[in-house]
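The values are calculated or read from the model by the stated rules, or taken from the named source; none is laboratory data. Keep in mind the model is a prediction, meaning the values are calculated, not measured. Counting neighbours? That spans all protein chains shown, and the Cβs are built from the backbone with ideal geometry, glycine included. Remember, those area values only see protein heavy atoms, side chains included, never the ligands or the DNA or RNA. Shrake-Rupley method; radii C 1.70, N 1.55, O 1.52, S 1.80 Å.
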Amino acid sequence: MKLLILNGPNLNLLGLREPDIYGGESYGALCRFIESVCAAEELECEIFQSNYEGALVDEIQAAYGVCDGIVINPAAYTHTSIALLDALKAVALPAVEVHLSDVDAREPFRRVSYPGMACIKTFKGMGFEGYREAILYLKAYLEKETKKRS
Ligand code: DQA
């Protein structure tokens, strides 16, 4: 089972960026955390971060026929990107949304998530742990779907 883990703009600046909101750990530390979770769950994973909306769309399209599911933290594109929503709907891979912070407890504009409308579940406000929860949720979902089909 292979998962694509997508991270949007400014997440490469974790550690430096508003540590009171996003924590003091770096993006490298997040990638190592994700890799260790996937290794423990015997999942293959590809991690991709970009500050560009189109690059994230390209990566979602490229996952079609290659990955079984997507974990996505669209970062600021959460609140603006119909292109990411459409890409997720186009490939129709099961996707789980993650946010390090609790977007619902912040500014009102963070309460809308376009990509989230194509996701089966959202984890927010749990820091790095939200990625673990998302990966475990997606794995369980994919296993259930496989069983249903056999
Ligand atoms: C974020 C929340 C978004 O509102 C924000 O624009 C981000 C990060 C999070 O992980 O909490 O860049 O997705």
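What the table below lists for this structure:
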item: Residue list for region 2-30, restricted to those being without any contact (Cβ under 8 Å) to a residue 40 or more places away in the chain, away from the ligand (no atom under 12 Å from the Cβ) and assigned to a loop (DSSP other than H, G, I, E, B); result: G15, L16, G24, S26
item: Test result for A95, within 16 Å of the ligand (Cβ to nearest atom) and under 17 Å from F123 (Cβ atoms); result: yes
item: Leading residue by the ranking (nearest to the ligand (Cβ to nearest atom)) among those in region 57-80 that are open to solvent by less than 40 Å² (accessible area, probe 1.4 Å) and in contact with a Lys or Arg (Cβ under 7 Å, 6 or more places away or on another chain); result: H79
item: Region 113-129 residues that are modelled with pLDDT of 95 or more, paired with ones that are part of a loop (DSSP other than H, G, I, E, B) and exposed (fewer than 15 other Cβ atoms within 10 Å of the Cβ) (beta carbon under 6 Å, 6 or more apart); result: K124/D102; G125/D102
item: Single condition I34 does not satisfy, out of (1) open to solvent by 70 Å² or more (accessible area, probe 1.4 Å); (2) within 16 Å of the ligand (Cβ to nearest atom); (3) in contact (Cβ under 8 Å) with a residue 40 or more places away in the chain; result: (1)
